[in-house]
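Report on the following structure.
No value in this document is a laboratory result; all are computed from the given coordinates. What you see is a predicted model; the values in this text were computed from it and never measured. As a convention, Cβ positions derive from the backbone with ideal geometry for all residues, glycine included, and neighbour counts pool all protein chains shown.
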Amino acid sequence: MSIFKNLFARSPFSPLQQHMEKVADCVSKLEELFEAYRKKDYKKIKKIAEEISALEHAADLTKNEIRNNLPKGLFLAVNRGDLLEILSLQDGLADRAEDIGVMMTMKKLEPLEGMEDLLKQFLDKNLEAVRSTQDVIREMDELLEASFGGKEAEKVRKMIEGVAYLEHEADV
């Protein structure tokens, strides 16, 4: 029996969920970054940008660990390529947060009058989309247990539609 057990890899979603937690921690720092920008606190902007960079690096280490240890040739519950694509998309979120942090430290920009509310709304909508994405990733274990079908699949499908709508709202 142990031969069959060894052929089937454990759920790959736990490491993916851990990575998403680190990505979400990184992205959520943007709220503090933009608050410091609004207050023209350039020292704090630099400090927060460094924190974002450290969090992004931690997410990268987790990403690399997943890539290096994702089983090849075993029976995964999901396609290996699909998992790596999700990992890459998650990584892109942390990368963009780091890019924003770096850009905010390049020059002491003055907040544009009248843009603060729009910028805050844009940031809030994007953070909501990231949190919703995190919720979807948290549901993956339950989806696997439900064999990617039934009520759980419908629930996750609706959650994904919600994320897509939030992305659309952020874009307009």
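Values computed for the structure shown
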{"item": "Hey, GLU65 acidic (Asp, Glu) and either over 20 Å from the mean Cα position of the chain (by Cα) or more than 19 Å from SER14 (Cα to Cα) (or both) or not", "result": "no"}
{"item": "Considering residues of the stretch 105-121 that are more than 30 Å from GLY162 (Cα to Cα) and touching a residue at least 40 places away in the same chain (Cβ under 8 Å) only, the residue surrounded by the most Cβ atoms within 10 Å (Cβ to Cβ)", "result": "THR105"}
{"item": "Single residue of ARG80, ARG131 found to be surrounded by fewer than 17 Cβ atoms within 10 Å (Cβ to Cβ) and under 16 Å from the mean Cα position of the chain (by Cα)", "result": "ARG131"}
{"item": "Qualifying residues in the stretch 144-159 (those that are in contact with a helix residue (DSSP H, G or I) (Cβ under 6 Å, 6 or more places away or on another chain) and in a helix (DSSP H, G or I)) - the one nearest to VAL130 (Cα to Cα)", "result": "MET159"}
{"item": "Residue count, the stretch 122-166 (criterion: out of contact with any Asp or Glu (no Cβ under 8 Å at 6 or more places or on another chain) and either more than 18 Å from ALA97 (Cβ to Cβ) or in contact (Cβ under 8 Å) with a residue 12 or more places away in the chain (or both))", "result": "29"}
{"item": "Some residue of the stretch 105-123 being in a helix (DSSP H, G or I) and under 11 Å from the mean Cα position of the chain (by Cα)", "result": "no"}
{"item": "Evaluation of ASN64 against (1) assigned to a helix (DSSP H, G or I); (2) touching a residue at least 12 places away in the same chain (Cβ under 8 Å) (one fails), failing number", "result": "(2)"}
